[in-house]
Each structure stands twice: as structure tokens, then as C-alpha cells.
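Note sheet for the following structure.
Coordinate-derived values only; no laboratory data. Since this is a predicted model, take the numbers as computed values, not measurements. Positions of Cβ are generated from backbone atoms using ideal geometry, with glycine treated the same way; all protein chains shown enter the neighbour counts.
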Amino acid sequence: MDNMLPIGEVQEFGFFLGATSGYVIAGGESKDELRRWHSFYPLIESEVHEIVPYETGKEVVRGFLKAKAEAMKP
């Protein structure tokens with residue numbers, strides 16, 4: 001992390017209480033996260049949760065619901 005934080009490879013890193021686990025916030029493509037994760041494997045086990053920005057999610061959900069409503073019309 002000492003190398004990744006200053007160059008923006010990750011935006012934030014912190015420990016959860018107990019210091020046996022923590023979190024990382026990083027931007028970029030899924031392929032970038034896969035590369036970062038493999039740079040620590042097998043020393044660190046991780047669970048990745050990709051975040052979809054609100055506006056993107058709203059656009060996708062509206063499109064899906066609109067298509068579903070159209071499909072339900074007689």
C-alpha cells in the first residue's frame with residue numbers, strides 16, 4: 001500500500017477493528033482489480049465488491065424496467 005497509495009493505484013486503504021481484515025477502495029476496470037488482487041495472492045485473501053455509480057445504475061434499471069413493461073403490453 002505504501003507504493004500504491006501515492007501513485008493513485010488505490011484511493012483508500014484501512015483496517016477493520018481487530019486488524020485481521022480491512023478494505024481497499026480503487027477505481028478502474030475489473031481487469032485492473034484482478035491484476036491488483038493477483039499481486040497479493042496467496043498472501044492475502046480478498047472479497048471484491050464492484051460498485052456501479054448511481055447514474056449508471058439508474059440508467060440500466062430504467063432501461064430494463066421500460067423493456068419489461070413494453071413486453072407485458074398486449
Summing +1 per Lys or Arg and -1 per Asp or Glu among the other residues with Cβ less than 13 Å from Gln11's Cβ gives -3
Length-normalised contact order for the chain - Cα pairs under 8 Å, 6+ apart - percent: 15 percent
Mind pulling the angle between the C-alpha long axis of helix 54-72 and the longest principal axis of the chain? Nearest 10 degrees, somewhere in 0 to 90. 30 degrees
About its Cα centre, the chain carries a charge dipole, from +1 on Lys and Arg Cβ atoms and -1 on Asp and Glu Cβ atoms, whose size in debye to the nearest 20 is 520 debye
Eligible lysines near Lys31 by straight Cα distance, threshold 27 Å, same-chain separation 8 or greater: Lys58
If packing is taken as the mean number of other Cβ atoms within 10 Å per residue, what is the order of 57-63, 43-49, highest first? 57-63, 43-49
Using only the C-alpha atoms of the chain, find the volume of their convex hull and express it per residue in Å³. 141 Å³
Can you tell which of Ala26, Pro53, Val10 lies farthest toward the positive end of the dipole of the chain, using +1 and -1 charges on the Cβ of basic and acidic side chains (Lys, Arg; Asp, Glu)? Pro53
